[in-house]
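A short write-up of the structure that comes next.
Coordinate-derived values only; no laboratory data. Given the structure is predicted, the values throughout are model-derived calculations rather than measurements. As a convention, Cβ positions derive from the backbone with ideal geometry for all residues, glycine included, and neighbour counts pool all protein chains shown.
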Amino acid sequence: MELSKERFDEMMEISDNKTLDEMMEWIELQPDKDLINEFLDGAYSVFSSNPSAPRLPKLNP
Amino acid sequence: MIPHIENGEASIIVAISTEGRKKAAAVMGTVSLGNKSIKGVAKVREANNNKPPLQKFMEQTPKLILPADDIIKKELVNGHEVKLWVSRSSGEMGISVDDSYIRKDISPQDGKRVALQALTMVQAEVAKMPDGTLLTNSPSTGDGLGGKKEKLYERAGFGPIFDEVMMSVVKNGKLTPITSEQHRYLMRNGHYNQR
């Protein structure tokens, strides 16, 4: 099972009004904390991995 | 003429072709539904329903623009520097940790804090961007994490990968995905060139 888009959006909305510490506490109180933690662990892997040279679009002038 | 029933109200939809576009309007009249006869209501309907979905998408999407400036934001999380960057030349958005793209052996707790910090930084920056700002990323890499990256960026509001790029447009301070079909449409119609 994965963290749903809806749950992710909900978490990010809540994070608007919380500090990082408060968010970490909030996560630990959630019934699906394992899913959230797994998602964040995966996110860290993604952010800390090596991107290849992308082919990116450019807008027309 | 197509009888149209919506919220208990019946009307007649007439398709009119105007400059190659389908236009629909409700006209005054009487509609017979089985053995019931209902007096029609004069009502002009906008013809959006008959437009091709991609044409609607373009009309509903603000003019696409690239970020006005390169953006670099840094935050420290338990001694780890989280950096968010956005390129004004391509709209590419990326995140690095400790100026490196190689996963370091940090505690799982710190890793989660770093990830959460990065996601909130993205959210905060996107909230400041004007409607129509185009953002991209290219999650296909040789590190075996392409699928994970794609999933993560999809959660954040990017569309699926098309031609190695995921795209998103800012609407009301939030990321709205650009689908493969929309992406293809933008390319075909010259809304951007490929590098």
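Would you please give the FRET efficiency between B:Lys74 and A:Glu6, computed as 1/(1 + (r/R0)^6) with r the Cβ-Cβ distance and R0 = 45 Å, to the nearest 0.05?
0.90
Please arrange A:Lys18, B:Lys174, B:Lys149, B:Lys112 by how many other C-beta atoms lie within 10 Å of their C-beta, fewest to most.
Taking fewest neighbouring Cβ atoms as first place, the list is A:Lys18, B:Lys174, B:Lys112, B:Lys149.
How large is ³J(HN,Hα), in whole Hz, for each residue of the range B:77-84 in order, when computed from phi with the Karplus curve 6.51 cos²θ - 1.76 cosθ + 1.60 and θ = phi - 60°, using x for Gly and Pro?
With the stated coefficients, the range B:77-84 comes to 10, 6, x, 9, 8, 9, 10, 10 Hz.
Going through the cross-link list B:Lys112/B:Lys149; B:Lys63/B:Lys171; B:Lys128/B:Lys171; B:Lys74/B:Lys128; B:Lys74/B:Lys151; A:Lys18/B:Lys112, which pairs have a Cα-Cα distance over 18 Å in this structure? Please report the intermediate quantities before stating the final value.
On the way: B:Lys112/B:Lys149 16 Å; B:Lys63/B:Lys171 11 Å; B:Lys128/B:Lys171 11 Å; B:Lys74/B:Lys128 16 Å; B:Lys74/B:Lys151 24 Å; A:Lys18/B:Lys112 16 Å.
As for pairs spanning more than 18 Å Cα to Cα, those are B:Lys74/B:Lys151.
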